[in-house]
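Throughout, read-outs are computed from the coordinates displayed, never taken from laboratory work. Keep in mind it's a predicted model, so treat the numbers as computed, not measured. Using ideal geometry, Cβ is built from the backbone for each residue, glycine included, and neighbour counts are taken over all protein chains shown.
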Amino acid sequence: VERTRGRRDVLETPESCRGPKNSWKAATFPSLEELSIKYTDSLHENGGQFFDDWVMPLLHRLSVLNSIPKDHSSLAIGTSLTSIQLAFTKAVNADFIYVDISLPDLVHFISKQQSLAELSIRFDIGIYQNIIRPTQPAILPSLKSFQLYLGEKHSRSIVEYLLQALEMSSLRNFLLTVDCDIEELTQVAFYVLDGISSSSEIQDFHLRFV
């Protein structure tokens, strides 16, 4: 754990160093405003998180690599976040290119943050699950800025799901970066333009093709 002036914890937990949840004691961080968590070896999908029993009353900014907070870890994070960065990336020398990232779990976590103003999501690896159209969108009334990076695997299905699952009526700035072929890009652009048309506050939309 690296702490700077009591305001930021940067946590890097390689697979080989992780212990059972009970090896991490409950702790209170009354002044902690920003938390960054990195699972550098693989996707952390199941089981408890090491911060499940932490108390962080002033936490407002969260960055997570290769995991979606849920259950106890979601409760520990609270519902007062104003900025979220989530990234799912292929580890160096890893042999997986598809993972079972749960988009419903991702949306469920985000939807609890009614004060969320900035959201960034990055997918460098593909999703092999069947993505079912959400029955009801999650409302994010305070979201002003959304950055979405989509790798070359299933970019169309991911963007379609997220824009159907998230209602962002106050969105002003949307940056979409896509790594795919031209045909896929055309379809992605169609879903994006249709998805953001409900946002009357949109001022800047940038589409990057890499």
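Multiplying the residue separation of Ser80 and Arg208 by 0.36 nm and subtracting their alpha-carbon distance yields 43.0 nm. The residues packed around Gln147, meaning those with a beta-carbon under 11 Å from its beta-carbon, carry a net charge of +1 if Lys and Arg are +1 and Asp and Glu are -1.
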